[in-house]
Amino acid sequence: MTEQTPVTETTAKAVPVLPDAQTVTSVKHYTDRLFAFRVSRPASLRFRSGEFVMIGLMGDPHPETGKQRPLLRAYSIASPSWDDELEFYSIKVPDGPLTSKLQHIKVGDQIILKPKPVGTLVHDALLPGTRLYLFSTGTGFAPFASLLREPETYENFDEIVMTHTCRDVDELTYGRELIENLKSDEMMIELLGEENLAKIRYYPTTTREQSPKMGRITTLIENGELFADLGVPALDPAVDRAMVCGSLAFNLDIKALMEKAGLNEGANSEPGEFVIEKAFVG
Ligand code: A2P
C-alpha cells in the first residue's frame, strides 16, 4: 500500500488485528489441569513483581451479528518485573469460557494483554518485617513465582517461607522446579545471591495424594505443625508478614487465621502485616 492509497473501511476490516496482541514464545503443560506459558512483553509495560493483568483471546463470533468480543480474565504475572518476557501459570477448566481455548495456544499464536498492571501482593503493601510467609494453593503460586525472582524480596526479609498446597504431587511441579532452578541457575544465583536464596524455606503439601507432608496449610497452621516443622515460633505480628493467594475459600480461611494471630490486612494505600489476592480460577 502506498501513502496515497486511502484506508477504506473495507481494507481495515479485511485484516483483523488483535488489540493489545502479544506473541506466545513458549508453552509447557504440567498436568491435564495445569500449564504455563510465556509471551512477548509490551515495551511500555512497567509492573511491580506480584501484580496481575487482564489477558485473553477473542471470543466466538456472536451467532447473529458475527461480532467478536475479547474474552479477558485476571492473571497474575508469574515472571519478575525485570524479565524481557511475561510468564503466566494457568488452570485448564474443560468448560471454562477462556481456559478451554487458552489451553490450546501454541508458540507463535497471539493473545490479548491489557497493559494495566494492578494488585496488592506487592512489597509496597507490606510493613517491614523479618519473616515472610507466602501461602498458596494451586495456581495461586503464580505471583510468588514472580516475587521469588525479585531481588527486593530478599532485601526486605531474613527468611521466606513458601508454602504450596495442591491436591496431588504432580500439581506441585511448577513451583518445585522454579525453586530448584533458582538455586541451580548461574544467572539467578548471580542476580539474587546464594546467601539470599538460602533464605527460602519451601513447604509443599498435598491433600489428596500421599506425599512427605500432607494436609491443608490452614490445618497445619491451626495445629502448629507448620511452625514445629520449620522450628520457628508461632505467628507474631511484630516480625511476621504474609502474602496469600489461592481460592476464595482458602483466602477467607487464611485471613481469619492471620487476624486471629493479630496481623492486620494491608493495601497499597495503607501497608499492613498481610495481603491477599484471589487466584484466577476458570
Ligand atoms: P482439598 O483437597 O482438601 O480441597 P483446588 O485444586 O481445588 O483449587 O485446591 C487446591 C488445594 O487447596 C487443595 O489441596 C485443597 O485441599 C486446598 N484447599 C481448598 N480450599 C481450601 C481452604 N478453604 N483452606 C485450605 N486449603 C484449601
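The values are calculated or read from the model by the stated rules, or taken from the named source; none is laboratory data. The structure displayed is predicted, hence computed values, not measured ones. Using ideal geometry, Cβ is built from the backbone for each residue, glycine included, and neighbour counts are taken over all protein chains shown. Side chains included, ligands, DNA and RNA excluded: accessible areas come from the protein's heavy atoms. Shrake-Rupley method; radii C 1.70, N 1.55, O 1.52, S 1.80 Å.
Per-structure values
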item: Calculated Rg and Dmax of the stretch 74-141 using C-alpha coordinates, Å; result: 15.0, 43
item: Normalised contact order of the stretch 5-118, rounded percent, pairs of Cα under 8 Å and 6 or more residues apart; result: 36
item: Filtered GluC sites (Glu not before Pro), the stretch 17-86: DSSP coil and at most 13 other beta carbons within 10 Å; result: Glu64
item: Proximal aspartates and glutamates relative to Lys106, as straight alpha-carbon distance under 17 Å, when same-chain residues fewer than 8 apart are discounted; result: Asp32, Glu85, Glu87
item: Excluding exposed DSSP-loop trypsin sites (Lys or Arg not before Pro) (at most 12 other C-beta within 10 Å), longest clean stretch of the chain; result: 107-207
item: For the stretch 163-207 and the stretch 246-279, distance of Cα centres in Å; result: 23
item: Listed residue pairs exceeding 30 Å between alpha carbons, taken from Lys101/Lys199; Lys92/Lys260; Lys92/Lys255; Lys28/Lys199; Lys116/Lys213; Lys101/Lys213; result: Lys101/Lys199; Lys92/Lys260; Lys116/Lys213; Lys101/Lys213
item: Most mobile listed residue (Pro237, Pro97, Pro63) in the chain, GNM with C-alpha springs under 10 Å; result: Pro63
item: Exposure ranking of Asp185, Asp170, Asp83 by accessible area [1.4 Å probe, largest first]; result: Asp170, Asp185, Asp83
item: Percent accessible area from carbon and sulfur atoms, the stretch 5-118, protein chains only, probe 1.4 Å; result: 56
item: Equivalent ellipsoid semi-axes, the chain, via Cα gyration tensor eigenvalues times 5, rooted, Å; result: 37, 20, 18
item: With Cα atoms, 0 to 90° folded angle of helix 248-260 axis to the chain main axis; result: 30
item: Estimated dipole of the chain in Debye, rounded to 20 [Cβ of Lys and Arg +1, of Asp and Glu -1, Cα centre]; result: 920
item: Charge dipole (the chain, unit charges on Cβ, about Cα centre) - positive-most of Leu126, Thr163, Ala36; result: Ala36
item: For the chain, calculated [θ]222 nm from helices alone, where every DSSP H run of n ≥ 4 adds -39500 (n - 2.57); result: -6000 deg cm²/dmol
item: Normalised contact order of the stretch 123-276, rounded percent, pairs of Cα under 8 Å and 6 or more residues apart; result: 32
item: Per residue accessible area of the chain, 1.4 Å probe, in Å²; result: 49
item: Proportion of all alpha-carbon pairs of the stretch 5-118 beyond 23 Å (%); result: 33
item: Antiparallel %, DSSP beta bridges [both residues in the chain], to 5; result: 50
